[in-house]
Structure formats: C-alpha cells, structure tokens
1. Among the residues of region 168-175, are any on the phi < 0 side of the Ramachandran plot, outside any loop (DSSP other than H, G, I, E, B) and away from the ligand (no atom under 16 Å from the Cβ)?
2. Could you grab me the full set of residues in region 10-33 that are touching a Leu at 6+ places or on another chain (Cβ under 8 Å) and more than 16 Å from the ligand (Cβ to nearest atom)?
3. Tell me, please, whether a residue that is of a type in the set (A, V, I, L, M, F, W, C) and surrounded by fewer than 20 Cβ atoms within 10 Å (Cβ to Cβ) can be found in region 75-92.
4. Would you check if there is a residue in region 180-190 being in contact with a Phe, Trp or Tyr (Cβ under 8 Å, 6 or more places away or on another chain), among the hydrophobic types (A, V, I, L, M, F, W, C) and either at pLDDT 95 or above or under 22 Å from Glu242 (Cβ atoms) (or both)?
5. Taking region 65-93 only, how many residues are in a helix (DSSP H, G or I), among the aliphatic types (A, V, I, L, M) and over 12 Å from Gly45 (Cα atoms)?
6. Inside region 185-239, can you point out the residues that are within 17 Å of Ile260 (Cβ to Cβ), assigned to a strand (DSSP E or B) and within 14 Å of the ligand (Cβ to nearest atom)?
7. Has region 52-73 got at least one residue that is out of contact with any Asp or Glu (no Cβ under 6 Å at 6 or more places or on another chain), within 26 Å of Lys270 (Cβ to Cβ), within 16 Å of the ligand (Cβ to nearest atom) and without any contact (Cβ under 8 Å) to a residue 40 or more places away in the chain?
Amino acid sequence: MKTIKVFDTTLRDGEQSPRCSMTLEEKVEFARQLERLNVDVIEAGFAASSPKDLKAIEEISKNVTKPIITSLARLNKDDIDKAYESLRFAKKKRIHVFIATSKIHMENKLNMTEQQVLNKVKEMVKYAKSLCDDIEFSLEDATRTEKEFMVSVIKEAINSGATTINIPDTVGYITPTEYKEIIEYIKNNVPNIDTITLSTHCHNDLGLGVANTLEAIKNGVTQVECTVNGIGERAGNAALEEIVMALKIRNDYYNADTNIDIKEIINSSKLLVDITGSIVQRNKPIVGENAFKHEAGIHQHGVLKNKSTYEIINTDDLGINNDNIVIGIHSGKHAIINKMKELNLEEYLDNIDEIVIKIKEYLETNKTIDDDNIRKIIIGNVKVKRK
Ligand code: MN
C-alpha cells in the first residue's frame, strides 16, 4: 500500500481567500492543530508577501517541529531569500518556488517567452537549492500549459535540484480523465521522474478538486496539496478531510492511505471555523453538520437496525459519538420510539400513534424539535394509558 503525503496549505492558499485571514497567534495555534492532525507538510505562508507573513512563518517554525514547514516564493532572489529567512528556525524546511507556464499567464502576466521562463527556472531553482536541500517546484496553471513545454520545464527543474514537482490545476479547469492523461504524459516523457515526488494542487471551481486529486493518486502521484474545510482562492482547494476519508473508505480501490490522525479531523475543522468565522455548509462531506444525520423515516429505520445500511463511514473512527438520528417532519415511528427510550419515556409507548401525530403537528410550524420540546409534547399532552 502506498502512503500519500499530505501537504496542507490552509495557512497559505486558504488564508489568502476572502474573510479567512488570521492573526499571527491564530496561525501558530492552527499550525499546532495541523501537527496533531499529523500532516506531512505545512505551507505556513508566502514570506515575501508581507513582513507579517514572514514573521508568522518564523513563529510557526519555532513552535511546530514534526511536519516539514514550507514557504512559498516566486522565482526571484528576493522571494527565495525571504522564504529561507522565514524558515531559519524550522527543524525540517522546504522552499516552495513557482512560476506560471501556461501561454495565457506567460504572455499576459509575466510578459516572458518560453526560453526566458526556462532560463529563470534553471537559475533560480539552483539558487534555492544552494540554500536548502528540500525544494518544491510548481508550474502555475500547469493544466492549461502546453504538454511539450511542461515537460521541458519539469526536466529543467529536476536537473536544477527540485525534489518535488507540483502540477497545479490553479484555476480549477481540468477534468479527472484529462488530469490523468497529463500525469501519464509527464511520466512517459520525463526520464528521471521516479527520482522526485510528484504532487497535485487542485482547485474546486467546477467542484472537481477532490475528484481530480484522487485520480492523480490513482495514477502515481504521492503528495496532495489540500486545505481543511476546502478553503482557498475562489471556490477553494481540494478538501483535506474528503481526500483522506476517500482513501480510507475506498482503500480497496486506491490502495493508498495517509498518515493523518482522523480523530483530529473534526477538531481541525472546528478550530478553523472558530478562528476565521468562515462557516461550513451543512451538507459538506465529513465535517458538515448534516454529514451523518438522518431525518427520513426509511433511512432512520435502516440505521437503527444496522448503521451500514445508510452510513459508509464509521462515525466512531472520527470521534463523533453524538446522536445521528434527527426527529423531523420526515421521521417515522421507529425513530420516535427510539428517542422515547433514550429520554426514559417508555411508559408512554402505548400512546405512540398519538405522540407521532403531535410531534408532526409541532414540526408543521417548526423546522426542528429538540429533546426538551419532545418531552413537553409527550408529558404535557398525552394521558398515560395505565394498564
Ligand atoms: Mn492555489
């Protein structure tokens, strides 16, 4: 079985997204949580973007020792120097350099030719390598880059010392099959590709971030870049928790796993919400409020008999042990009986038909009902049929 390295970029790509900025203390606190979650790499920031960012990377480097700490840098000396400076206290450090390689980015943003980009890669990856052994190189907008040029850039980066090559879907454009074809093309055309780690960084603009990431894993990529709760630029990045749990649940298919401590997933998600105030949609896989809840009668009946009828993830593994059965307008008798037993109201079970009607009446005008109100309805409105 393959072990996939998890590169978390919540503190860089995630933090860069609207309403997700964090203070220095918050970043350190979250980095500590990422260490408990047991990610392999923490992208702590982009040192050259601001003195504040540089300082935060430095503090994280002092406080978090288990994962590799990395800072992002453009392919210029000043960015690389700042990245290196920010990492000087890190026990394990990586400099992550990038340059755009698609025509649209080279022409409109960089104003550089292919040859100029290649020269820059050679010169600056070598420079970064002179400071740090562990060098990741990203081809920004790789999925919209011409394949032949992409291969030339990757060869140059590896020859200049890159140890990880990242193929980002920067704008969330690619589909799983096309992404697989790009990876196959790279593997077939870069002779020493097996000497480095291949990585993904998929955005979610078309809702394909996790699907693309998993397809890449299926095809030999061994590092995934992702964020907690899937936060990140625009529609966000591939969500860490979804990738990790897909590999766990469909191990039979992917034959791969991560080092993530899945009992820390919910804690990480909640801490991020607490820090940023950026809420998680209720139906978000794994970490959404409704992800393991059942309201419909048929589903409740099934789950009460055997959880695996409608649940593919064992919530105990995630450390969730709250009640998954929600009494709602679609609930049936079985769930209400179960709830009454839980609330020690068995003596009213003979009145179950009447109770079901009363609860449903309540739910005509209220979206939810809590235990207190269930108690009130049963005790206040139902005469006990004494035997
Ligand atoms: Mn990104």
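The values are calculated or read from the model by the stated rules, or taken from the named source; none is laboratory data. Owing to the predicted nature of the structure, the values given are computational and were not obtained by experimental measurement. Note: ideal-geometry Cβ built from the backbone for every residue, glycine included; neighbour counts use all protein chains shown.
1. To start, the set of residues in region 168-175 that are on the phi < 0 side of the Ramachandran plot comprises 168-171, 173-175.
Applying the additional criterion that residues be outside any loop (DSSP other than H, G, I, E, B) yields 168-169.
Filter once more, so that each one left must be away from the ligand (no atom under 16 Å from the Cβ): none.
No, there is no match, as no residue in region 168-175 is on the phi < 0 side of the Ramachandran plot, outside any loop (DSSP other than H, G, I, E, B) and away from the ligand (no atom under 16 Å from the Cβ).
2. Answer for region 10-33, where residues must be touching a Leu at 6+ places or on another chain (Cβ under 8 Å) and more than 16 Å from the ligand (Cβ to nearest atom): Met22, Lys27, Glu29, Phe30, Ala31, Gln33.
3. Applying the first criterion (of a type in the set (A, V, I, L, M, F, W, C)) to region 75-92 yields 75, 80, 83, 87, 89-90.
Then keep just the ones that are surrounded by fewer than 20 Cβ atoms within 10 Å (Cβ to Cβ); that gives 89.
Yes: region 75-92 contains one or more residues that are of a type in the set (A, V, I, L, M, F, W, C) and surrounded by fewer than 20 Cβ atoms within 10 Å (Cβ to Cβ).
4. Quick first cut of region 180-190, residues in contact with a Phe, Trp or Tyr (Cβ under 8 Å, 6 or more places away or on another chain) only: none.
No, that holds for no residue.
5. Here is the first cut: in region 65-93, the residues in a helix (DSSP H, G or I) are 77-86.
Then drop every residue that is not among the aliphatic types (A, V, I, L, M), which leaves 80, 83.
Filter once more, keeping what is over 12 Å from Gly45 (Cα atoms): 80.
Matching residues across region 65-93 total 1.
6. Ser199, Thr200, Val224, Glu225, Cys226, Thr227, Asn237, Ala239
7. Looking for residues that are out of contact with any Asp or Glu (no Cβ under 6 Å at 6 or more places or on another chain), within 26 Å of Lys270 (Cβ to Cβ), within 16 Å of the ligand (Cβ to nearest atom) and without any contact (Cβ under 8 Å) to a residue 40 or more places away in the chain, one finds at least one in region 52-73, hence yes.
Yes/no per residue for (1) assigned to a loop (DSSP other than H, G, I, E, B); (2) at pLDDT below 95:
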site	(1), (2)
Val244	no, no
Tyr253	no, no
Lys263	no, no
Gln281	yes, no
Val287	yes, no
Asn290	yes, yes
Leu304	no, yes
Ile329	yes, yes
Ala335	no, yes
